[in-house]
Every structure is written in C-alpha cells, then in structure tokens.
1. For region 85-109, which positions are in contact with a helix residue (DSSP H, G or I) (Cβ under 8 Å, 6 or more places away or on another chain) and either of a type in the set (Val, Ile, Thr) or surrounded by 14 or more Cβ atoms within 10 Å (Cβ to Cβ) (or both)?
2. Pairs under 6 Å by beta carbon, first residue touching a residue at least 24 places away in the same chain (Cβ under 8 Å) in region 120-143, partner β-branched (Val, Ile, Thr), six or more apart or different chains?
3. What number goes with the only condition from (1) over 23 Å from MET148 (Cα atoms); (2) modelled with pLDDT of 90 or more that ARG81 does not pass?
4. Please find, among VAL113, VAL130, the residue that is over 21 Å from GLN183 (Cβ atoms), among the aliphatic types (A, V, I, L, M) and assigned by TED's automatic domain parsing to the domain that holds ILE165.
5. Being within 21 Å of LEU128 (Cα to Cα) and not in a helix (DSSP H, G or I) is the filter here, so list the residues in region 147-188 that pass it.
6. With the requirement that a residue be touching a Phe, Trp or Tyr at 6+ places or on another chain (Cβ under 9 Å) and of a type in the set (A, V, I, L, M, F, W, C), what does region 145-164 give you?
7. On the given criteria, is SER147 under 20 Å from LEU177 (Cα atoms) and either touching a Cys at 6+ places or on another chain (Cβ under 6 Å) or surrounded by 14 or more Cβ atoms within 10 Å (Cβ to Cβ) (or both)?
8. Give ALA155, ALA188 a once-over and let me know the one that is loosely packed, with under 13 Cβ neighbours inside 10 Å, at pLDDT below 90 and of a type in the set (A, V, I, L, M).
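The values are calculated or read from the model by the stated rules, or taken from the named source; none is laboratory data. Please read these numbers as outputs of a predicted model, since none were measured by experiment. Positions of Cβ are backbone-derived with ideal geometry, glycine not excepted, and every protein chain shown enters the neighbour counts.
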Amino acid sequence: MVPHFADPNALDSAQKLLCNFVASKKNLHLIAGVGRQWAWRAVRDDQSRVTEVIEKEHGQVHLDAKPLLDRSAFEPDARSRAMLEGIRIAQEDLRDAGGAYDLDQVRTLMRGVSRQAIDKRVQEGSLLAVPGLKAVREALQTSNPWSMLNFLSHADVRLNNRKPIDLLKSGKLDVVLEAARRQGEQGA
C-alpha cells in the first residue's frame with residue numbers, strides 16, 4: 001500500500017529529492033577523477049535530504065509494516081563499487097609513483113610552454129622525458145594513462161620483480177617492451 005502524507009507538498013518534495021538522487025547515482029560514471037568523490041558526497045546528501053523529509057512527516061504517514069524508505073536502494077551497485085575501487089587504486093599508484101604536477105607546474109618546468117603544447121605532448125606520449133615511453137604505451141595497447149602508470153610503477157615478476165620505469169631509465173627498453181606486450185596474458 002502507498003503511504004499517505006498529510007501534507008501533499010512533503011510528498012512532492014520527497015519525490016523530487018529522490019529523482020535527483022537517482023539521477024545523481026545513474027550519472028556518477030560520467031564524472032571524472034576527483035569529481036567522483038564530490039559526486040558520492042552529493043548522492044549521500046540527497047539520501048539524507050530524502051530521509052529527512054520522509055522522517056519529518058513520519059508521524060503523519062500510515063504504513064503497512066513495511067519501512068517507508070528502503071536504505072538498500074541508496075547503496076552503490078557492483079559496477080559503482082568497482083569504479084570506486086579503480087579510483088582508489090589509481091590514486092594509490094599515483095602516490096606511490098611520486099605524485100604529479102599540475103598544469104601550472106608543468107608550464108613552469110617547461111619554461112612557459114602553452115597549455116596547448118603540453119596537451120599535444122601528452123596526447124603524443126612525449127611529455128615525460130623517458131626514452132621508450134611511447135613504444136611501451138603502444139606495446140600495452142592502451143591509451144589509458146592509469147593503466148600505463150600501473151604497469152610502470154609496480155614491480156613485475158617477468159622483470160625479476162623490478163619496476164618497468166626503473167628499467168626504462170637504465171636503458172633496458174627491449175625487456176620492458178616484451179613485458180608490456182605480455183601484460184594481461186594468462187600465465188605470462
């Protein structure tokens with residue numbers, strides 16, 4: 001049975017908040033990088049507002065032993081949890097690799113080069129001055145910078161538990177390229 005609110009405006013408010021919450025949750029996968037943390041806070045805030053409106057009117061709602069609000073509806077699904085775990089891993093990889101520069105810092109290091117020139121070099125894979133980096137990216141068959149960072153910054157059993165980035169810096173491109181080509185193969 002549908003609950004009956006004494007104040008129809010309260011039901012309207014709760015429905016609007018719930019629609020906003022659902023839209024926030026469904027569109028969460030479109031938000032990039034750090035923005036995802038903000039989006040989850042916004043989703044949790046929407047949940048709190050919906051709950052608050054409903055609980056405020058709780059004394060005026062008639063229910064048939066079913067809770068008015070199913071809290072499990074607000075829990076992230078498996079895909080959303082996997083996305084959050086991926087973000088956590090990417091942030092950990094970046095921290096372990098020594099962090100990153102923001103655009104202004106890169107421009108300073110490159111003596112005032114335009115942001116367009118920096119973007120072009122990022123797209124070409126030539127921003128970092130590590131010989132062979134572009135070839136490694138091609139061997140990995142990915143344009144995803146997080147996958148590249150993950151590969152480069154973790155010790156690899158195929159490389160005698162050494163990090164690919166360290167081997168690249170020491171000039172051992174062929175060994176790193178072979179490991180990159182075999183990345184993701186079963187038993188490789």
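1. ILE87, ILE89, ALA90, ASP93, LEU94, ALA97, VAL106, ARG107
2. What qualifies is VAL136/VAL176.
3. Condition not satisfied by ARG81: (1).
4. VAL113
5. Listed by number, the residues that qualify are HIS154, ALA155, ARG162, LYS163, SER170, GLY171, LYS172.
6. none
7. It is true that SER147 is under 20 Å from LEU177 (Cα atoms) and either touching a Cys at 6+ places or on another chain (Cβ under 6 Å) or surrounded by 14 or more Cβ atoms within 10 Å (Cβ to Cβ) (or both).
8. When all the criteria are applied, what remains is ALA188.
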